[in-house]
Amino acid sequence: MATIKEIAKLAGVSPMTVSNVINKKHNKVSTKTIEKVEQVIRDLDYVPNMSARTLVSKSSHIIVLIIPQTLDDDPDKDYAMHNPFYGEMINSIEYNLRINKYYMMLRFVSEDEVYVESLKLWNADGVIVLGTDQNQFDLNLKKLAIPFVMIDSYVDDAERYCSVVNDDRNGGKLAADYLLDRGCENLGIVCTDISSKGVSQERYNGFVEGLSLRNKELEQKHIFLGYPSYEYGLKISKAIAESNLDGVFAFSDMMAFGIIEGLKNLGKRVPEDISVIGYDGLFVSEISSPKLTTVKQNIYEKGKATVDLMLKVIKDKDYIDNVVLPVGLLEKESVK
């Protein structure tokens, strides 16, 4: 592999000049010299040594994206990558890091895994955590000595740390209002754990608030709790069909897809018999049958806002901001 010294010798310049060209410090080098050095770099097929650059700059330009997992190591279970939400989010984060000359490292962790030491070994400049809970926050994030940003995370003293969330509570209220406006009377909700802080609790509280403002009450037996997957939606559809509900709000689009398929398998019509509304606004909602009405979040903008915030914290480690992004209603065909 060619070295900077070899490039400098062939180009007839100093190693410092070659370094300036490689690092795009063009204000220190003439246009003619830049062209000469870049031609030698192309001829030698030179690739900069990232380890060496890290040592010199004291910056790896690596951001670790951590996605906590709550399931055991069973490849047949519904892991994050089975959900298009994660694909869309990862695409946005990686793209926005890349255009800012950063590299993304993706890491899945178990709910009780300690990853502080691993981050030290990787020499990461920052950490993005998607969907942490209080336990993971206490176990890991509080101990981090490098900048971090949380996505979709509600923890104690959250205002003291950088985070990006949707207006999840308003999303739940939008779902309640829309179902009631369309004539649904007996409503249920399918969500994950609502006993602790998190997006599920926020969406649930918004849904209950929306019902309360219309003098409606959510019965305990119409709250279905489970993992936010297509499989769980499919599984719980029988209980929904037997509950005489005419409207259901699902915590995620993937849950909603499973519910719709399950209801159809049981001979129920969506939306004629039961209306279903999801949450996320995934691109696959366009190809479901019927097309899914959903509370839409802008996943790309959430990823971009996260990267923008990450770069600000790297520049100023005392910088704190809590970004709350709006949500809206995407009207399709699954609500009567």
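To the nearest 10 degrees, how steep is helix 299-315 against the longest Cα principal axis of the chain, on a 0 to 90 scale? Here the helix axis deviates by roughly 40 degrees. Per residue, the chain reaches -12500 deg cm²/dmol at 222 nm when only DSSP H runs of four or more residues are counted, each adding -39500 (n - 2.57). Highest GNM mean-square fluctuation among Leu44, Leu266, Leu213, for the chain modelled with Cα contacts below 10 Å: Leu44. Taking only the Cα atoms of the chain, the radius of gyration and Dmax are 24.8, 82 Å.
On a per residue basis, the convex hull of the C-alpha atoms belonging to segment 192-273 measures out at 91 Å³. With respect to the chain, whose longest principal axis is taken over its alpha-carbon atoms, helix 168-181 is tilted by about 30°. Between segment 261-336 and segment 230-245, the C-alpha centres lie 21 angstrom from each other. Of the residues Ile314, Ile63, Ile128, the one that moves most in a GNM of the chain with alpha-carbon contacts below 10 Å is Ile314. Between the helical axis of 31-44 and the longest alpha-carbon principal axis of the chain there is an angle of about 80 degrees.
Working value for segment 120-187: equivalent-ellipsoid semi-axes of 36, 11, 10 Å, each the square root of 5 times a Cα gyration tensor eigenvalue, largest first.
For segment 258-336, the list of chymotrypsin sites (Phe, Trp or Tyr not before Pro) that fall in a loop by DSSP and count at most 14 other C-beta atoms within 10 angstrom reads Tyr319.
Given a 1.4 Å probe and every protein chain left where it sits, what share in percent of the accessible area of segment 104-217 is carbon and sulfur? Spell out each step's value before the answer.
On the way: 2230 of 4960 Å².
Looking at segment 104-217 in its full context, I get 45 percent from C and S.
Across the chain, Cα pairs under 8 Å and at least six residues apart give a relative contact order of 16 percent.
The values are calculated or read from the model by the stated rules, or taken from the named source; none is laboratory data. As the structure is a computational prediction, the values presented were derived from the model and not from experiment. In this analysis, Cβ positions are derived from the backbone assuming ideal geometry, glycine residues included, and neighbour counts consider all displayed protein chains. Surface areas here come from the heavy atoms of the whole protein model, side chains and all, with no ligands, DNA or RNA. Shrake-Rupley method; radii C 1.70, N 1.55, O 1.52, S 1.80 Å.
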